[in-house]
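Written out below as structure tokens is the structure these notes cover.
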Amino acid sequence: MGWLDNVFGKKEAGEKAMPAANPVAGSKQSKDPVCGMMVDEDKAVATSTYHGQVYYFCAVGCKKAFDAEPAKYLRGGGHIGGAAHGH
């Protein structure tokens with residue numbers, strides 16, 4: 001069993017992997033303001049509210065970074081391509 005199998009679980013014969021990058025039809029998507037990743041609002045790992053607006057995050061680390069300096073990320077100072085935490 002490879003390291004990915006340890007992380008995601010070994011698939012049984014004939015089991016298809018669900019495409020991670022394709023949003024579910026009808027789901028509401030928001031952009032993580034820290035890394036730029038699209039996040040399904042119903043499945044977001046974390047959220048923060050800033051000036052009455054709810055922001056959705058792909059990882060707790062993104063939420064923590066945003067909470068520490070929200071203005072930095074809202075004016076476009078986020079990480080490009082999620083490199084900060086390995087997307």
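One table, with the values for the structure above:
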quantity: Meets criteria (in a helix (DSSP H, G or I), charged (D, E, K, R), modelled with pLDDT under 95 and surrounded by 10 or more Cβ atoms within 10 Å (Cβ to Cβ)) for ASP5; calculated: yes
quantity: Residues (in a loop (DSSP other than H, G, I, E, B) and either modelled with pLDDT of 95 or more or surrounded by 14 or more Cβ atoms within 10 Å (Cβ to Cβ) (or both)) located in the range 24-50; calculated: ASP32, PRO33, VAL34, CYS35, GLY36, MET37, ALA44, VAL45
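The values are calculated or read from the model by the stated rules, or taken from the named source; none is laboratory data. Note that the structure is predicted; figures quoted are calculated from it, not measured. Glycine gets a Cβ as well: all are built from the backbone with ideal geometry, and neighbour counts include every protein chain shown.
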